[in-house]
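None of the figures in this text is laboratory data; all of them are computed from the coordinates on show. Predicted, not measured: the structure shown is a model, and the values here were computed from it. Neighbour counts are summed over all protein chains in view; Cβ atoms, including those assigned to glycine, are modelled from backbone coordinates with ideal geometry.
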Amino acid sequence: MIRYLLKIFLLLTSPFLYGQIPSTNGSVVVSGYITDAISGEILPGATVIIQGTGKGTSTNAYGYYSLTIDGEQTLTAAFVGYSEKSIPINTNEAELRLPIQLDPHTQELSEVEISALDRNEQRKTPLMGIKKLDAATIKSLPVLFGETDPLKTLQLLPGIAATSEGASGFSVRGGNPDQNLLLLDEAIVYNGGHLLGFFSIFNNDAIKEVTVYKGDLPASAGGRIASLVDIRTRDGNLTQWQGAGGIGLISSRLTLDGPLIENKSALLISGRRTYVDLFLPLSSDENIQQSQLYFYDLNLKANYILGDNDRIFLSAYHGLDAFYNDDARMDFGNSTLSLRWNHLFSPKIFSHLSLVHSQYNYYLGSTGDEIENIDWRSNLTDYSLKYDFTYYPKAGDQVNFGLQSIFHTIQPAHISSPDPASTLQEIKVPSARSLEHGLYYGHTFQPAPRWTARYGFRLSLFQNVGKGQSFRFDDRFNITDTLQHRRGEIYNQYFGLEPRAGISWLATPHITLKSSYSQTRQYIHLASNSTSSTPLDVWFTSSPNIRPQIAHQFSVGANYLSTNNQWQHTLELYYKKSRQAIDFKDHPNLLLNEALEAEIRPGNARSKGLEWMSQYTGNRITGWIAYTLSRSERQSQWINNARPYLSPYDHLHDLTIVGSYQINDRLTIAGNWVYFTGNPVTLPVGRFDFQGGVVPFYSERNAERMPDYHRMDLSLTWRETPKPGKKWQGEWNFSVYNLYGRKNAWTINFVGDDDLDAYYKEAEKTYLFSVVPSITYNIKF
Amino acid sequence: MPSNLFHMVRSLLLLLLLGGMTRCTEIIELDLNTDTERLVVDAILSNQDRFFVVKLSRSAPYFATEAAPPVNHAHVEIIHERTNQRLTLEEDSLLSGHYYAEARPEILVPGETIHLKISHVDLKGNGTMETHRASALVPEVVPLDSAQIRYNGIRETWQMLAFFQDPPEVENFYQFKVVQNDYTVTRRPDDMRISNDQLFNGNYVNGVWVHSIDASNNQSQFSDDDRVALQLISITESYYDFIYAIHQEISTGAPLFTGPPANVPGNISGHALGIFAITAISEFEIIFDSEIHNQ
């Protein structure tokens, strides 16, 4: 049935798109998977070029490529960290299955070397603001407490900033953190942070690569307006069992992967757990001594190659943060499960079906008598189905289309008492159910030599589904009516067309010019108005009162690749405008509030900026310099007396320098320096006396700035000498976060001793980290 | 969210932070701008007042080190809306900026509105007189059946427990105060405890811990035969929101867990700061006995 529908679709669209049905006379469709020659793992993003034509393609997220060539030609395949391979094609067949195995570089070469071919393909992509990081790059950089963290490495790229010191939460081009779509093997992750966001939930040992799209999303993705962070886990070694692990100051981790059936099926299991709680008894504070505090992550991935045309992947993630002391208990975590099936209808038609379940929940309990004895639960569950097709009509031409549906269920809060006789009234903030659908089509093609163009759309439809309730408000946001909706009733919907387009022009062999436009819509939002998001923040959906957030983004840019392929400079200018951007009234009540919508004061958001990045890839030295000049503002008729105010994540200047130097085969030194203009902040412009205390008052929101932020981190990696017969290889990593001990202000509070003198106040800054040294020992076996 | 839950969540998050992180503080020099001087009104009346007192002062630079300067020679009137009875408050000759009149509890009828009019205010000293107005609703008294003092050795506090029936059908807002020998020991905004009835609407509140008195440093805060009273104060939603906002603005976690700082929502017209509110007090008195209450 699916094959039949597909044929109809292609029959209908092909003549329209290409003027004629592609002829196969004399041409050969070469297709297959590109894999690592040793482990058998697939290599997404590897490039295949037809020599002498400049035409080519790259493998999709599942390592598959399909390329139509004219008769006898030679293909060259390349991928970061692998040796290039040239393969002459000489066949009379119309179709050729050509699996390509690439040999990884030996350790003498830098782990992050990028071949010229690979870069060429990146340059031509008519998507803007896209950046890919592999696990080796992420691992090579120094981080807080030695905990390798993909989300913190992303923050070293232009236009991406941490929400606050040490946080894994981030803002892209001044947007809110909830405007970033975090996908882990296609499952949405709703809270990317452990321990109030100081560590991300992504265990680098299990990660293959991370791709970030800064607002210019491919048509196949949607639902967030600022960015997409697509995190893919490793598939596991298909030929032999191997392991990697590490012992650090905060946590230990272990990853095992290997074949279940050689060259057919692999399994990867990865785990990480912190042991901060082991040190808590040493604290001088009795309260802390008796506390428990830990988090853990478990990743599992299995894949099975059913044959040339079919592959199945199963990925699971479960993570939990737990905190207990005498008075309170709290735990929270994400769980995801994705089942995916790749099927080739023909060498030119790749399909991908995914079934995904993801969940975020938290529990908060307090002990004590009577009303203090509380159980508080919140839960968000998603079920998602996506069917995605890629059609490769000819070299340099690719059509991607598909359909996605997500069913969201949000139970914002349920409070009850374990004691049935308690005074406590049970509170159940009603659940909200909704459906989010996307039908998309995207086409990338080469209209002329040296030109690559892309156009596409996403038709998104959002539906609020009963059982649920909705509200009517007067113009002062007071509830005038509460409407109850029966189970299954679709009581509200929004739909819209999200066009996306881009073009790139290879002006000279070294210079590419690009331009793009994208429109995105967001239907699910986070109820948080503070810069430090907490695990207790709840998500809420659009509704009759909350219209979707809609963003338009225009970008232009240039890319320069040096003759020796070692320097790559990119410059991008962007302008982004969002409507119905979510913000909240002053002192909103965001928890336990069934009419949360009454707290929202939507407005417009604007941001513009210049992002520059110069990346150097030598044999021993690699690194980049990134600079961003930007401004992001918001305006709402109900906030700040309707005057525009700065986004809390606005950084006028943001400069990052990242470098890594491989001194010899055993020793690598890496470092980074970060500088940005202090975050906008609201400070008092006076005070008044009330009942014997002083109360601050303010003029404009975010009119002042925190002190400028800067910090340098350094790490040294020392690999043990490989010895014959030794089955494992060890590596020491010494790192220092905030090398020169800059006391960057995390927050500014006003303090005094009210019992001594209620009128005397001083400004006090809180900084989280001074010099933080750490040591990690990693092994591979 | 009820105020006590807000405190619980905040302290939990801070503990989580302190448990896992190093965290240091440092006093810094900070230049703050100062806005134009504004009138500040501190006018909280209650059914138990012997005198109605309205305090008028000026706003001050944030780092001022003394009490805010008073506003003198204003005309202050309290007006009962239904009967249009007017009560003029006179400025105290000793306490500058305090305006008072003998209380008229009979005008504080639950459900009725009281107006405050402040005129003849010359803040700029240039002869331009300002007039400011505010209105407040009189809340219903909720009787406090009983109260208890419980000593908590681990926390080193005296916990004040309240017993009362929360009226069903209506949303109630409460403030709790502790009064020792007619002196309010929990006076300042940071000592004010407030709660709405979201967690116990319509239920009998059977000995819930509503206030704490520190017993760690000063065991002699309460002495034998002291009259210790717990006050259950019924307040309006707008006054609750006002104190709730103050707590957010002056709390340790601000602004990390509270969102961007914002002005507390007062009800005085003409850009004046502060609030005019009526409260309805019900109290229960306990004679302190160290043999019972210190265990």
Relative to the longest principal axis of chain A, what angle (0 to 90°, nearest 10) does the C-alpha long axis of helix A:2-18 take? 80 degrees
Taking every residue of B:27-35, the Cβ atoms of other protein chains inside 10 Å of its Cβ average out to 6
Let me check against my output: what whole-number percent is the relative contact order of segment B:39-137, with C-alpha pairs under 8 Å and at least 6 apart? 26 percent
About the Cα centre, charge dipole magnitude for chain A (Lys/Arg +1, Asp/Glu -1 at Cβ), debye: 2800 debye
Using label points projected 7 Å from each Cα along Cα→Cβ, tell me how many nm separate A:Ile247 and A:Phe734, to one decimal. 1.8 nm
Can you give the helix-only mean residue ellipticity at 222 nm for chain B, where every DSSP H stretch with n ≥ 4 adds -39500 (n - 2.57) and the sum goes over all residues, rounded to the nearest 500 deg cm²/dmol? -4000 deg cm²/dmol
Helical mean residue ellipticity (222 nm; -39500 (n - 2.57) per DSSP H run of 4+; nearest 500) of chain A: -1500 deg cm²/dmol
Net charge over other residues, Cβ less than 15 angstrom from the Cβ of B:Asn47 (K, R count +1; D, E count -1): -3
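Return the FRET efficiency for the residue pair A:Phe473, A:Glu93: r is the Cβ-Cβ distance, R0 is 60 Å, and the value is rounded to the nearest 0.05. Walk me through the numbers on the way to the answer.
Values: r = 67 Å, r/R0 = 1.12.
Using R0 = 60 Å, I get an efficiency of 0.35.
For B:Thr25, A:Thr617, what ranking results if the residue with the fewest other Cβ atoms within 10 Å of its Cβ goes first?
B:Thr25, A:Thr617
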Residues A:Trp612, A:Trp718 in order from fewest to most other beta-carbon atoms within 10 Å are A:Trp718, A:Trp612
Per residue of B:205-214, other chain Cβ atoms within 10 Å number on average 3
Can you sort A:Thr53, A:Thr656 so the residue with the fewest Cβ neighbours within 10 Å comes first? A:Thr53, A:Thr656
Counting alpha carbon pairs within less than 8 Å and at least 6 residues apart, what relative contact order, in whole percent, applies to chain A? 10 percent
Would the protein assembly as shown count as rounded, prolate or oblate if I go by the C-alpha gyration tensor, calling it rounded below 1.5 in a/c and otherwise prolate when a/b exceeds b/c, oblate otherwise? prolate
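Over chain B, what is the percentage of antiparallel beta bridges among all DSSP beta bridges, to the nearest 5?
Counting only bridges with both partners in chain B, antiparallel ones make up about 90 percent.
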Share, in percent, of DSSP beta bridges within the protein assembly as shown that are antiparallel, nearest 5: 95 percent
To the nearest whole number, what is the average tally of beta carbon atoms from other chains within 10 Å of the beta carbons of peptide A:325-335? 2
If you bin every alpha carbon distance in chain B into 5 Å steps from zero, what whole percent lands in each bin? 1, 5, 10, 14, 15, 16, 15, 12, 8, 4, 2, 0, 0
